[in-house]
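Novice: Before we start, here is the structure in question, set down as structure tokens.
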Amino acid sequence: MRGMQITSDHPSLLKIVDDLATHGWSQQTIFLPEALTLVLAAECRKRSDEGGLSPASVGRGSSQQVREAVRGDRIQWLEPGESEACDQYLGLMDSLRQALNQGLFLGLEDFESHFAFYPPGAFYRKHVDRFRDDDRRIVSSVLYLNPAWHPEHGGELRMYLKDGVEHDVQPVGGSLVVFLSSDIPHEVLPAHRDRLSLTGWYRRRGEGVF
Ligand code: OGA
Ligand code: MN
């Protein structure tokens with residue numbers, strides 16, 4: 001991993017800023033180098049095998065609950081300093097945070113992110129990422145970790161864009177989707193094989209927390 005060129009001059013960053021400003025979302029099919037994608041996929045599987053992932057919940061605070069009829073993935077939140085690969089990912093996503101702030105004046109303060117593992121048949125019903133009672137999530141990101149994903153595997157991210165347009169994203173390893181958290185309803189369709197990703201949210205500072 002050492003010496004891999006992932007820096008703030010990553011060629012996709014300005015394109016993502018531009019796409020978000022124009023359309024509210026962006027898809028980059030070649031975002032992460034294959035070597036780093038493979039290491040992150042292996043780390044996700046290892047965490048899963050070791051029992052580190054937990055059933056994901058929906059809602060917040062007192063209404064937070066696990067509902068497999070809504071979402072069936074298993075997740076684990078990232079902390080800085082857990083592995084070199086995760087830190088490279090977090091570093092790259094922080095470069096994107098800075099690019100978004102410089103280009104769009106979004107005032108994004110931090111980035112929260114978790115591994116997500118959808119076993120075959122698992123899905124996440126249509127939803128919007130911003131919580132009703134917490135508007136700190138501004139921009140959502142999903143980085144896919146699945147080598148050799150084919151359309152017949154299913155597992156698309158279906159995005160509901162303006163004017164009734166639907167856009168399906170194949171969860172192909174190394175590709176990234178970014179979108180405005182409050183604007184774009186989306187769902188994860190069931191897949192025929194394990195579906196791995198790193199999902200994250202850029203957040204604004206909360207009211208009254210500072
Ligand atoms: C989510 C989500 C999309 C995906 O975790 O909120 O919508 O493609 N994930 O994994
Ligand atoms: Mn979502």
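Novice: May I ask you to give the solvent-accessible area per residue for the chain, in square angstrom, as obtained with a 1.4 angstrom probe?
Specialist: Per residue, the chain has an accessible area of 51 Å².
Novice: Counting only protein heavy atoms and using a 1.4 Å probe, what share of the accessible area of segment 1-88 belongs to carbon plus sulfur, as a whole percent?
Specialist: 49
Novice: How much of the accessible area of segment 128-210, probe 1.4 Å, is carbon plus sulfur, in whole percent?
Specialist: Ligands and nucleic acids excluded, carbon and sulfur reach 48 percent.
Novice: About the Cα centre, and with charges only on the beta carbon of Lys, Arg (+1) and Asp, Glu (-1), how big is the dipole of segment 11-204? Nearest 20 debye, please.
Specialist: About 460 debye.
Novice: A further question on this structure: Can you spot the lysines whose alpha carbon is less than 17 Å from Lys126's alpha carbon? Ignore those fewer than 8 places along the same chain.
Specialist: Result set, ordered by chain and number: Lys162.
Novice: Rounded to the nearest 20 debye, what is the charge dipole size of segment 119-210 about its Cα centre when +1 sits on each Lys and Arg Cβ and -1 on each Asp and Glu Cβ?
Specialist: 280
Novice: Put +1 on the Cβ of each Lys and Arg and -1 on the Cβ of each Asp and Glu in segment 126-204; which of Tyr202, Phe179, Leu145 then has its Cα farthest toward the positive end of the dipole?
Specialist: Tyr202
Novice: Another question about this same structure. If you add up the charges near Asp110, with Lys and Arg at +1 and Asp and Glu at -1, over every other residue whose beta carbon is less than 11 angstrom from its beta carbon, what do you get?
Specialist: Result for the local shell: +3.
Novice: May I ask you to evaluate 6.51 cos²θ - 1.76 cosθ + 1.60, the Karplus curve with θ = phi - 60°, for each residue of segment 189-195 and list the ³J(HN,Hα) values in order in whole Hz, giving x for glycine and proline?
Specialist: 7, x, 10, 8, 9, 4, 10
Novice: Report the label-to-label distance for Lys15 and Trp77 in nanometres (one decimal), using points 7 Å from each Cα along the Cα→Cβ vector.
Specialist: Label at Lys15, label at Trp77, 3.3 nm between them.
The values are calculated or read from the model by the stated rules, or taken from the named source; none is laboratory data. Nothing here was measured: the structure is a model prediction, and the numbers come from that model. When we count neighbours, we look across all protein chains shown, and the Cβ atoms used for this are built from the backbone with ideal geometry, even at glycine. For the accessible areas, the whole protein counts, side chains as well, though only heavy atoms, and no ligand, DNA or RNA atoms are used. Shrake-Rupley method; radii C 1.70, N 1.55, O 1.52, S 1.80 Å.
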